[in-house]
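The values are calculated or read from the model by the stated rules, or taken from the named source; none is laboratory data. Not measured: the values here are computed from a predicted model. Backbone-built Cβ (ideal geometry, glycine too); neighbour counts: all protein chains shown.
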């Protein structure tokens, strides 16, 4: 086993990874501005990822050998500057720390929002991330992820670093902080209250259960570099549904669910939906052995049951 640093280890995905690494016997160092999980083998070092010196000190003090970088600002439209400072400069600091401290390998968490408007479906990892005629349809968040991905790949090729990029899609499950329609639907079912959306039914996503995402990230970190032909991997469910279809799935899982979704798109979804194709998982399947274990129906069922029990389900 080894010592793994998880930046953003207090977050939704980060805390899940911390628990899973610790359960298998790794020593885990959380680098975050909030405390990580309180569990054996997990220690927290408070600090921001845009402070390179603090990051390097934490790596040295704890003998870190591998890193998973999960820190990100998701709602980039509210504060573009903070989004780029955290999502781009934070990634640069992690990568530079990998170079300075000769870290064995690191995985950087990216997003399907890094892709430009869908040109093929499903989208593989070589799908374009920008056009010269317009900015990112994924907004400042999408642009920040595309930039960080390119920087990571350049460091890897120019400086010989073992860096892997994992592009995730719409993580959901107990502990999620964003809405994405699915959280209020599930919470409404558990509370026995109706859920109403005036519009948004045409928005589509590849909803990925958080334990599938964690499995994919861990496989990317563990994979023997001699077996890898690529550095970027899509990790998702491999299935895209609209919000209207999602509501129908929730009703099938819980027939008493009272959910109404109006048609169309809301807010910035008209731009965002352009990036929301189905992700091609063949590269991750072939090189990482990744197979999603939670189709949407199962994920919704487990999510509902976990909220009813008031806790996360077992990572097993």
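For region 172-187, the criterion of being surrounded by fewer than 19 Cβ atoms within 10 Å (Cβ to Cβ), within 18 Å of residue 16 (Cβ to Cβ) and free of Cβ contacts under 8 Å to residues at least 60 places away in the same chain is met by at least one residue. For region 155-167, the set of residues classified as loosely packed, with under 14 Cβ neighbours inside 10 Å and in contact (Cβ under 8 Å) with a residue 40 or more places away in the chain consists of 159 only. Taken together, 255, 263 contain a single residue that is assigned to a loop (DSSP other than H, G, I, E, B), surrounded by fewer than 19 Cβ atoms within 10 Å (Cβ to Cβ) and in contact (Cβ under 8 Å) with a residue 24 or more places away in the chain, which is 263. Anything in region 161-204 that is at pLDDT 95 or above and assigned to a strand (DSSP E or B)? List them, or say none. Of everything in region 161-204, those that are at pLDDT 95 or above and assigned to a strand (DSSP E or B) turn out to be 163, 164, 165, 166, 167, 168, 171, 172, 195, 196, 197. Tell me yes or no: at least one residue of region 229-241 is touching a helix residue (DSSP H, G or I) at 6+ places or on another chain (Cβ under 8 Å), within 20 Å of residue 308 (Cα to Cα) and modelled with pLDDT of 95 or more. Within region 229-241, not a single residue is touching a helix residue (DSSP H, G or I) at 6+ places or on another chain (Cβ under 8 Å), within 20 Å of residue 308 (Cα to Cα) and modelled with pLDDT of 95 or more. Taking residue 36 as the residue in question, decide whether it is assigned to a helix (DSSP H, G or I), touching a strand residue (DSSP E or B) at 6+ places or on another chain (Cβ under 7 Å) and crowded, with 22+ Cβ neighbours inside 10 Å. No; evaluated as a whole, the condition is false for this residue. Would you check which residues across region 17-33 are under 20 Å from residue 175 (Cβ atoms) and part of a strand (DSSP E or B) and list them? 28, 30, 31, 32, listed by residue number.
Among the residues of region 1-16, those identified as outside any helix (DSSP H, G or I) and in contact with a helix residue (DSSP H, G or I) (Cβ under 8 Å, 6 or more places away or on another chain) are 3, 4, 5, 6, 7, 8, 9. Does residue 301 satisfy the condition of being modelled with pLDDT of 95 or more, farther than 29 Å from residue 103 by Cβ and in a helix (DSSP H, G or I)? Here the answer is yes, as residue 301 does meet what is asked. Being at pLDDT below 95, within 17 Å of the chain's Cα centre (by Cα) and under 30 Å from residue 267 (Cα atoms), is that true of even one residue in region 84-95? No, because not a single residue in region 84-95 is at pLDDT below 95, within 17 Å of the chain's Cα centre (by Cα) and under 30 Å from residue 267 (Cα atoms). Filtering region 111-154 to residues that are closer than 12 Å to residue 95 by Cα and crowded, with 19+ Cβ neighbours inside 10 Å leaves 148, 149, 152. Of all residues in region 222-248, those that are out of contact with any strand residue (DSSP E or B) (no Cβ under 7 Å at 6 or more places or on another chain), in a helix (DSSP H, G or I) and closer than 22 Å to residue 203 by Cα total 3.
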